Amino acid sequence: MGDRQLPQDPALLKRQIDAQNAAGACRHALVEADLPADDSIRAVVEGLPLPFQSLDPAGRILDVNSSWLELLGYRREDVLGRWLGDFLVFSDHDRLRQCLVRVQQTGEVGNTRYTMVTRDRISVPVRCDGRVGQWPGSNDRRTLCILRKISDIVSTRGYLELQRNLALSLSEHRSLQDILRICLETALEVSEMNAGGIYLVVDSAGTLELAHHQGLSSAFVQTAGRFEADSPNARLVGRGRPMFSRHNRDALPSDNAAAREGLRAGAFVPILHAGKVVACLNLASTELNEVPDVTRAAIETIAGQLGGAIARARTEQALATSEANFSSLVETMTDFLCVTDDDGIIRHVNATMLHRLGYAAEEMLGRHVAMIHPEDRGFEAAEAVAAVLKGERNGCLLPLVTKTGELIEAESRITRGVWDGQPAWLGISRDITERLRTE
């Protein structure tokens with residue numbers, strides 16, 4: 001980092017800043033490069049398009065530029081000498097203290113996020129990048145920082161990049177909970193909100209249940225964890241239109257729980273799939289009074305990708321559940337099940353067949369089905385199979401033989417089906433020993 005030099009000619013530096021991306025140029029100028037001992041550089045700093053600040057080791061403000069003052073609405077004399085925390089929301093004070101310690105230890109700080117407060121008490125989320133350096137004309141080492149509004153970062157990043165990165169993350173995760181977590185974390189990061197949840201539509205009527213949340217108290221979750229289909233909240237979501245609320249200005253129905261939680265600005269974005277509302281992305285802030293306009297489109301972009309991901313995850317979840325239920329049924333049924341391919345090779349047997357015939361699975365899989373019938377009844381078995389293939393019958397009376405040679409009188413039914421995605425013959429046999437003995 002130290003081998004990069006700042007151009008000594010202020011005019012040249014200004015042209016570089018104008019010619020390059022503003023954020024990248026500013027970062028190079030004040031965060032990554034070495035500042036020359038030239039007072040004329042102050043004019044360049046003053047003209048930077050991004051807010052700049054320099055701090056002493058305790059976090060007191062030593063200098064700011066016009067962009068910083070314009071962002072927060074203060075006069076220079078109201079700022080210099082004051083602790084930076086005076087211009088942050090209270091909840092960020094501990095983060096600032098930790099950052100001041102870290103920057104003195106490492107010499108730099110990057111991608112640190114704060115919420116600053118303007119003179120008019122409006123919250124402004126920003127990202128701070130900085131390093132420790134020596135300011136021209138001074139022997140004091142100070143922290144030099146460039147600030148960027150989060151809303152500008154979102155705009156610069158572009159929604160195509162946001163969609164691509166989110167799509168890549170979603171493609172790597174299959175479970176519904178992972179998908180909800182990724183989308184909520186992304187939405188909170190982009191919007192600079194600090195609380196939120198995703199409600200799923202759980203029935204055809206439109207009932208909503210909170211499926212994943214972050215930054216919400218257990219009391220709020222208990223109160224607002226479910227909205228019946230006829231509730232005002234569910235009806236609003238059912239309209240399928242995004243809603244953004246302002247503190248003490250736009251009140252949503254049944255917002256007592258939100259008021260007790262201290263939630264101020266809110267975003268409520270229905271998530272659609274195939275034209276139907278399948279979920280709702282809810283975001284809120286205890287600090288911001290309104291959702292910044294530029295982040296609203298980003299929130300809607302995330303919600304737009306979530307609909308298909310939820311539908312896919314639910315389909316896979318339903319399929320997995322169905323397969324588990326079928327497997328449970330097959331493995332617990334008292335009848336014998338034997339699945340073969342068109343050549344009569346055994347592809348699957350259930351637990352009943354293994355237990356009653358006395359075989360281990362590896363002893364049966366891959367063998368011909370003739371092994372489970374008496375050798376002297378081979379012709380009869382072949383005749384029965386041929387009749388099934390011709391559609392003349394779907395079952396037969398043919399005994400099964402155990403590993404030790406004992407016979408089990410059985411009635412078998414054979415049907416055509418699919419197993420593991422391949423055509424197969426499914427044979428279900430029932431022990432009729434007692435029935436024959438009775439007859």
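Below, the figures for the structure above:
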| item | result |
| --- | --- |
| Whole-angstrom gap from region 420-434 to region 316-357, using each part's C-alpha centre | 9 |
| Relative exposure of Tyr199, Tyr114, Tyr359, judged by other C-beta atoms within 10 Å (fewest first) | Tyr359, Tyr114, Tyr199 |
| Net charge over other residues, Cβ less than 14 angstrom from the Cβ of Glu409 (K, R count +1; D, E count -1) | -2 |
| Per-peptide average of other Cβ atoms within 10 Å, ordering 298-308, 314-324, 96-106, 270-280 highest first | 298-308, 270-280, 96-106, 314-324 |
| Alpha carbon centroid spacing (whole Å) that separates region 365-381 from region 59-95 | 87 |
| Karplus-derived 3J(HN,Hα), 6.51/-1.76/1.60, for each residue of region 63-74, Hz, glycine and proline x | 7, 9, 9, 5, 5, 5, 5, 5, 4, 9, x, 9 |
| For peptides 375-383, 282-290, 175-183, sequence by mean Cβ density within 10 Å, most packed first | 282-290, 175-183, 375-383 |
| Region 236-356 shape via C-alpha gyration tensor axes, a/c threshold 1.5 | prolate |
| Ranking of Val269, Val330 by count of other Cβ atoms within 10 Å, fewest first | Val330, Val269 |
| Under 5 Å, built H, 5+ apart or other chain: amide partners of Ala410 | Leu398, Leu400, Ile432 |
| For Ala211, distant residues with modelled amide H under 5 Å away | Ile198, Tyr199, Leu200 |
| Protection proxy ranking of 120-133, 398-411 - average other beta-carbon atoms within 10 Å, highest first | 120-133, 398-411 |
| Long-range amide H partners of Thr286 with built H, under 5 Å | Asn194, Arg264 |
| Least to most buried among Glu192, Glu77, Glu209 (fewest other Cβ within 10 Å first) | Glu77, Glu209, Glu192 |
| Using θ = phi - 60° and Karplus 6.51 cos²θ - 1.76 cosθ + 1.60, couplings along region 391-398 (whole Hz; Gly, Pro as x) | x, 7, 7, 10, x, 6, 9, 8 |
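Rule-based calculations on the coordinates, nothing more; no lab input. Everything quoted here is computed from the prediction, not taken from an experiment. Methodologically, a virtual Cβ is constructed for each residue, glycine included, from the backbone with ideal geometry; neighbour enumeration extends over all protein chains shown.
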